[in-house]
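To keep things clear, I will list the structure first and then write my remarks on it.
The values are calculated or read from the model by the stated rules, or taken from the named source; none is laboratory data. Predicted model only: the values in this text are computed from it and were never measured. Cβ placement follows ideal geometry from the backbone for every residue including glycine, while neighbour counts extend to all protein chains displayed.
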Amino acid sequence: MNKKEKKYYLELLNKEKERIFKNLGYLREEIESGEKGIPTHIADYGTDEFEKGLGIDISDEERKILEKINIAIEKLEKGTYGICERCGKNISISRLKALPYARYCIKCQREKEKGGK
């Protein structure tokens, strides 16, 4: 991978990271403002709790993606970015553009999702 490609993927990863940080900040504000608000109807209590739980679940998923992004950035620095962790082959450019923190090629990802090791 040349310098221009590394720069391109680093920018993609950093943009995704920035998007996630914005989402996490927004979710935190929503959860905090929800804690201050008092539902006007007894039925709203369940809805409020569901929304808070959903926010936490989304937040956990975003944190997992952040972790994958950080690993991808480390791989860029080491020169191993874009190599499937399972088979060792190159991950397609189209896959990396769509999911810049992808750890597996499409074939290995499908096998992994089917329950393969």
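Among the residues here, Y26 does not qualify as surrounded by 15 or more Cβ atoms within 10 Å (Cβ to Cβ), of a type in the set (S, T, Y) and modelled with pLDDT of 60 or more. Can you confirm whether E62 is surrounded by 13 or more Cβ atoms within 10 Å (Cβ to Cβ), of a type in the set (D, E) and modelled with pLDDT of 95 or more? The answer is no for E62.
Tell me, yes or no, whether region 90-108 has at least one residue that is small (G, A, S), in a loop (DSSP other than H, G, I, E, B) and either loosely packed, with under 14 Cβ neighbours inside 10 Å or at negative phi (or both).
For region 90-108, residues small (G, A, S), in a loop (DSSP other than H, G, I, E, B) and either loosely packed, with under 14 Cβ neighbours inside 10 Å or at negative phi (or both): present.
In region 65-83, of all residues being more than 17 Å from the chain's Cα centre (by Cα) and assigned to a loop (DSSP other than H, G, I, E, B), the one that is surrounded by the fewest Cβ atoms within 10 Å (Cβ to Cβ) corresponds to G79.
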